[in-house]
Amino acid sequence: MNCNELLVANLQDKIQQSFELLSSYDWLINSYVLDFYVDNHWERLPPCWKSCFERLEIGKLKDLLLVDSRTENRNVWPLSICALRVFFRQFCLSRKLELHPKDSGKRTRLHEHYQKLFHKSVKLKKRHEIEKFCDDCQRTGKEAEVEYLVDVGSGQGNLARTLAYGYGFKVCCIEQDEQLTKAAKVKDEQLSSSLKKQFNVELSNHPIHLSRKVDLEKIEPEQFLQMIRDSFNVEKESPFRFGLIGLHPCGDLAVFLIKLFLSCPEAKFIKLVCCCYMKLSTQDQKSQNYGFPLSEFSKSRCLRLNYEALEIACHAIEQYCNKLDGHYDELKVHAYRAAIEKIIVKLHPTLKHSGLKSTKVTDMSFQLYCDKATSGLGIELPQAEVGSKDVQSDLNHWERVVKFYTLRLMFAPLIESVVLYDRLLFMLEQGISSKIEVIFDPICSPRNHALTGCK
Ligand SMILES: C[S@@+](CC[C@H](N)C(=O)[O-])C[C@H]1O[C@@H](n2cnc3c(N)ncnc32)[C@H](O)[C@@H]1O
């Protein structure tokens, strides 16, 4: 077996074994925490889990969530949990950011000189992502000898601005939301004019912004390519090489981009940090271009993940761990909502899963919390019910909900890994040299794996 065949066989094995494991825990993974009291989820836990978790201090739960942590001796877990932890450690992608050797060097690019202007109205999380994503793009762009980039789902163009002005790439942004495209253009102009006014720096390499929706059902790869050539003013016969990039392209958009990359010979690399897996379309839906599964291997085995599983794969695990360290009010929110859901199902069964307003747990009374959370549903929950012994007992057991939620969350890195392995395998099946690397700090930006493929 050559290296590629080994990698493919290894990925197939990981996907297959992960699915077998996930399907034996579907009772947990596919459950709604909102239905915790309605369906009495606590009683579904195996007896040894129930007795272990009943007495476990909340603070110790975080050991279950950190795949890369080596603190397994802090608690004696049931054997099945120990076995799961070994499996996760072996089969999940690491989430830890390793410093790239070339990251530590001193750099003096334009955007580093004028950081304040580049950072204007860009949140800290996004700044971190932009810095790391741009560095990574620069390395790949150099290897692939690419000076043109196409950023799809570019939002307000913050990434493109730094890639163009800071790194000298020629960038075309494609964004479906016209308002965001307008905002991106305004921000480009503001930055250019501030640099000119304050520092007499003249920018010329402006990003190009197109307001379009990329949809494989509606656009052929040749049309896509022509649209990009036109926007960069590159003639049809001229040689043209570009990199296709996406910073958090949600759901199916990531899959469209992978397929476009494969169909355009001029696209020399792709780099995506994906998110919103629950928006992926699946085999059960009508479209030919469904988002999961993608690889021939996973398709041939009819592997499925449903909405609940894909949704939990998008949670911010490391941030949740910080809450387990003492922000208990915030943790109570799931129990409060599950208690309200039980009252609603009892009094207004047709309103099951209608959606409660997101409301923070503060020191307000539970009645007030109910009023706020149910506002918009056109109902009032009576005091007799809200203050009943039954509801009080549910609220007193809020820790059980946290524990159940954490047990579900424990599977999230495996589910995310499977989705990413499937994409990686698809690219390898098509003969593309590909890899997955952590490029963001997971505490700052939890969807932190970059999928990169080069032709
Ligand atoms: C999560 S946001 C990320 C925005 C930006 N890349 C960033 O990191 O700030 C995803 C963006 O993709 C855009 N988008 C989603 N589907 C798209 C499609 N099919 N074609 C073009 N844009 C799309 C959305 O409008 C949204 O602005």
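The values are calculated or read from the model by the stated rules, or taken from the named source; none is laboratory data. Since the structure is predicted, the reported quantities are computational estimates derived from the model, not experimental observations. A quick note on method: Cβ atoms are made from the backbone with ideal geometry, for glycine too, and the neighbour counts reach across all protein chains shown.
So residue 146 fits all but one of (1) of a type outside the set (Ser, Thr, Tyr); (2) closer than 23 Å to residue 239 by Cβ; (3) within 11 Å of the ligand (Cβ to nearest atom); (4) part of a loop (DSSP other than H, G, I, E, B); what number is the exception?
(3) is the only condition that residue 146 fails.
Restricted to the range 181-196, and to residues that are within 12 Å of the ligand (Cβ to nearest atom) and touching a strand residue (DSSP E or B) at 6+ places or on another chain (Cβ under 8 Å), which residue is farthest from residue 226 (Cα to Cα)?
184
Here is a check on your reading of the model: is residue 136 within 16 Å of the ligand (Cβ to nearest atom) and over 21 Å from residue 264 (Cα atoms)?
Against the criterion (within 16 Å of the ligand (Cβ to nearest atom) and over 21 Å from residue 264 (Cα atoms)), residue 136 qualifies.
Is at least one residue of the range 308-320 away from the ligand (no atom under 16 Å from the Cβ), surrounded by 16 or more Cβ atoms within 10 Å (Cβ to Cβ), within 20 Å of the chain's Cα centre (by Cα) and of a type in the set (Val, Ile, Thr)?
Yes, the range 308-320 contains at least one residue that is away from the ligand (no atom under 16 Å from the Cβ), surrounded by 16 or more Cβ atoms within 10 Å (Cβ to Cβ), within 20 Å of the chain's Cα centre (by Cα) and of a type in the set (Val, Ile, Thr).
Scan 240, 256, 269 and give me the residue that is away from the ligand (no atom under 16 Å from the Cβ), under 23 Å from the mean Cα position of the chain (by Cα) and surrounded by 16 or more Cβ atoms within 10 Å (Cβ to Cβ).
One residue alone meets the criteria, 269.
For residues that are exposed (fewer than 14 other Cβ atoms within 10 Å of the Cβ) and over 23 Å from the mean Cα position of the chain (by Cα), tally how many sit in the range 114-138.
Final tally of qualifying residues: 3.
Of everything in the range 142-168, what is touching a Leu at 6+ places or on another chain (Cβ under 7 Å) and over 22 Å from residue 195 (Cα atoms)? Give them in sequence order.
149, 150, 151, 152, 153, 155
How many residues are crowded, with 18+ Cβ neighbours inside 10 Å, out of contact with any Asp or Glu (no Cβ under 8 Å at 6 or more places or on another chain) and not in a strand (DSSP E or B) if we restrict to the range 163-179?
Qualifying residue count for the region: 3.
Pick out the one residue from 308, 296 that is outside the structural domain of residue 388 (by TED's automatic domain parsing), in contact with a helix residue (DSSP H, G or I) (Cβ under 8 Å, 6 or more places away or on another chain) and closer than 30 Å to residue 391 by Cα.
Of 308, 296, the one residue that is outside the structural domain of residue 388 (by TED's automatic domain parsing), in contact with a helix residue (DSSP H, G or I) (Cβ under 8 Å, 6 or more places away or on another chain) and closer than 30 Å to residue 391 by Cα is 308.
Rundown of residues vs (1) under 29 Å from the mean Cα position of the chain (by Cα); (2) more than 17 Å from residue 93 (Cα to Cα); (3) surrounded by 18 or more Cβ atoms within 10 Å (Cβ to Cβ), yes/no style:
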{"residue": "6", "(1), (2), (3)": "yes, yes, no"}
{"residue": "11", "(1), (2), (3)": "yes, no, yes"}
{"residue": "24", "(1), (2), (3)": "yes, yes, no"}
{"residue": "54", "(1), (2), (3)": "no, yes, no"}
{"residue": "64", "(1), (2), (3)": "yes, no, yes"}
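Tell me whether the range 149-159 contains one or more residues that are part of a helix (DSSP H, G or I), under 18 Å from residue 253 (Cα atoms), within 20 Å of the chain's Cα centre (by Cα) and within 15 Å of the ligand (Cβ to nearest atom).
Yes.
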